[in-house]
Amino acid sequence: MVQTAVEIARAVRDGELDPVQVTREALARIEAADGVVGAFRRVRAVEALAEAAEVAARPDLAELPLAGVPVAVKDVTEVAGEYAGWGSAAGSPAPYAEDGVIAHRLRAAGAVIVGLTRVPELCIYPMSDDPAGIARNPWEPAFTAGGSSGGSAAAVAAGMVPIAHGTDGLGSIRLPSAMCGLVGLKPGRGVVREPAEGWFGMSTHGPLATTTADAALLMSVLGERPDLASIGSPAPQRIALSTQVPVTRAPLPRPLGRAVIRAGTLLAAAGHTVTDATPEYGFGTLVALVTRWFAGPAAHADAEFDLTKLQPRTRTHVRAGHVASRFVSERGRTAWLSRAEQFFSAHDVLITPTLATLPPKARRWHRRSWLANFTPAVRVAGFTGAWNLAGYPALSVPVGRHPAYDLATSVQLVAPPGGEELLLGLAAQLEDVYPWPRSR
C-alpha cells in the first residue's frame, strides 16, 4: 500500500525517507500501471527526479508541509518548462517560462510534480480521454475515471501518487472522486486565490486524495491556509439529507441513494441532528448553469485556441457558447443564492449523492458527437453544478460500494461559505467509522 502524503512528508522531514527514492518509486508505479489506467498526458520522469534532489537539499526541509510528496497536476495550469494541453491539439505547445500560482505553491511546500494528468478537451465533459488515451477507473477499467479531473483521480486511485491537483467548474473534482472512491474537495469561491477565475467564477482548484487528512493537507497548500491541514472534531450539526435530483427529479439508482441514508445514519450516531430536506433549486438555476457551461469554454477557446483544430464536439459546444454568452447574467445566480442562504439558515450541512447516475463507460468520447457527450454529462452531474454557481464549498466522500460493480458509492457534503473545515471534519468522522479501501 502506498504511503499517504501525510506519512511521506513526515518521514522526509524526519530524515527517514529520501525524496529522490520516493519519487523513483512513484515513477515506477506510473510506468507499471499507466498503460492500462491512462492517467497521464505527460510524465516528468527526468525533471521530477531532479526536483526531488533539490527538495532533499533544501535548508528548510524540516518545515515543508509536502516535503518530498509526489503530486500529479491537472493539465490546465502553468508549470515551468511545460505547456498546458487542456486535452487539445488546438492550443500552443510553447512551454511556460515560469510556474503559475498552483505549481509555485506546490513547489514552495516541497512537493515534486511527477506529471500532468489527462483531461477532456477544454475540460467540458465528465469523461477524460483524448487521441492518445483514456483515463479509466482503476477499480473497474470498463468505466471512465470521470472528468474533467479524471486523470488526476485515476492516478490517485491506482496508487501512483498519494494526492493530485484538480479543478472543478461543474463537479470536475467531485465527480471523478466519486467514481474512483476518493475524497475530493471543491472549496468555496475565492478560497484558492488566483489571477483570474474560470467559467465566470464557477471554477476553482482543489485536492483529490485517498484520505481526508491528505485532502486537508493539499487543500491547505493550494489555498495558502495552513489551518486547514488540522482536522478538528465538529460540534453537533444540523444535517439535511436529500436524494432528489435537482430540477429534473430524474430516477436515482438505489445504491447511490442508500449511500446518503448510510451517511446520515453514521453521522446521527456521532451526535448530529439529521433530517430530510431539499433546497429549492429552481429552473432558473439550471439555466444559469448551462449558459455558463457553454459560454465559459467558448470564451476560453476564442482567447487561446485555434477553433479549426478543436474536436467536432467541442466546436459545436463553442458555437453554442457564442450564443449563450449573450444570456449570462447575475440574476439567476443571485436568485439561487437567496434560496441557498434560506435553506442553510435552517441547516448547517446538506448531504446528497455525488453522482446522479452510474459513471459512463470508458470510451473514446472525443470521437463522438456533441449530443452523445452532452446527454451522459448532464445526467451524471445533476447534484454538483448548483454549488459551483453558488460558490459554496462541497466535498465528495465514499460511503460504501456498489452491489454489482467494484465501484464506490459516494456522497456530497455541502456547507455555506467558510465551511471547508467543517466538511473535512465530517468526512473524517465518516472515515473513522466507515473506512474505505484507499487504492486499487
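The values are calculated or read from the model by the stated rules, or taken from the named source; none is laboratory data. Everything quoted here is computed from the prediction, not taken from an experiment. So basically every Cβ, Gly included, is an ideal-geometry build from the backbone, and we count neighbours across all protein chains shown. Just so you know, the surface numbers come from the protein's heavy atoms only, side chains and all, with ligands and any DNA or RNA stripped out. Shrake-Rupley method; radii C 1.70, N 1.55, O 1.52, S 1.80 Å.
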What pairs can you find where one residue is in the range 327-339 and closer than 15 Å to residue 279 by Cα and modelled with pLDDT of 95 or more, the other is of a type in the set (A, V, I, L, M, F, W, C) and not in a helix (DSSP H, G or I), and their Cβ atoms are less than 9 Å apart, with a gap of 6+ or different chains? 333/200
Could you grab the pairs with beta carbons closer than 6 Å, sequence gap of 6+ or different chains, first residue in the range 382-405 and within 22 Å of residue 210 (Cβ to Cβ) and among the hydroxyl-bearing types (Ser, Thr, Tyr), second one open to solvent by less than 10 Å² (accessible area, probe 1.4 Å) and not in a strand (DSSP E or B)? 384/171; 384/174; 396/174; 396/177; 396/178; 396/354
Just to be sure I understand, how many residues within the range 1-48 are closer than 21 Å to residue 151 by Cβ, surrounded by fewer than 20 Cβ atoms within 10 Å (Cβ to Cβ), among the aliphatic types (A, V, I, L, M) and over 22 Å from the mean Cα position of the chain (by Cα)? 4
Scanning the range 180-211 for residues that are open to solvent by 40 Å² or more (accessible area, probe 1.4 Å) and of a type outside the set (Phe, Trp, Tyr), the one nearest to residue 333 (Cα to Cα) turns out to be 189
Pairs returned, first residue in the range 117-141 that is of a type in the set (S, T, N, Q), second residue that is surrounded by fewer than 24 Cβ atoms within 10 Å (Cβ to Cβ) and not in a helix (DSSP H, G or I), beta-carbon separation under 6 angstrom, 6 or more apart or interchain, are 137/143
Quick one: count up the residues across the range 12-48 that are within 16 Å of residue 117 (Cα to Cα) and not in a helix (DSSP H, G or I). 7
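Restricting the range 291-323 to residues that are of a type in the set (A, V, I, L, M, F, W, C) and closer than 18 Å to residue 91 by Cα, which is surrounded by the most Cβ atoms within 10 Å (Cβ to Cβ)?
Pass one, the range 291-323, residues of a type in the set (A, V, I, L, M, F, W, C): 293-295, 298-299, 301, 303, 305, 307, 310, 318, 320, 323.
Add one more test, that the residue is closer than 18 Å to residue 91 by Cα, and what stays is 298-299, 301, 303, 305, 307, 310, 318.
On the way: 298: 22, 299: 18, 301: 26, 303: 7, 305: 21, 307: 13, 310: 21, 318: 22.
Among those residues, the one meeting the criterion is 301.
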Pairs where the first residue, in the range 208-224, is within 18 Å of residue 175 (Cβ to Cβ) and the second is of a type in the set (Ser, Thr, Tyr) and crowded, with 23+ Cβ neighbours inside 10 Å, C-beta under 8 Å, 6+ apart: 208/149; 208/152; 208/177
Consider the range 114-142. How many of its residues are surrounded by fewer than 24 Cβ atoms within 10 Å (Cβ to Cβ) and within 17 Å of the chain's Cα centre (by Cα)? 0
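Looking only at the range 220-242, how many residues end up being hydroxyl-bearing (Ser, Thr, Tyr), part of a loop (DSSP other than H, G, I, E, B) and surrounded by 17 or more Cβ atoms within 10 Å (Cβ to Cβ)?
Residues in the range 220-242 being hydroxyl-bearing (Ser, Thr, Tyr), part of a loop (DSSP other than H, G, I, E, B) and surrounded by 17 or more Cβ atoms within 10 Å (Cβ to Cβ): 1 in total.
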Report every pair of residues separated by at least 6 positions or lying on different chains whose Cβ atoms are under 6 Å apart, first residue within the range 305-318 and under 16 Å from residue 372 (Cα atoms), second outside any helix (DSSP H, G or I) and open to solvent by less than 20 Å² (accessible area, probe 1.4 Å). 317/124
Kindly indicate whether any position in the range 78-90 is in contact with a Ser or Thr (Cβ under 8 Å, 6 or more places away or on another chain), outside any loop (DSSP other than H, G, I, E, B) and either open to solvent by less than 10 Å² (accessible area, probe 1.4 Å) or free of Cβ contacts under 8 Å to residues at least 40 places away in the same chain (or both). no
The lone exception for residue 115 - which of (1) closer than 30 Å to residue 370 by Cα; (2) part of a loop (DSSP other than H, G, I, E, B) it fails: (2)
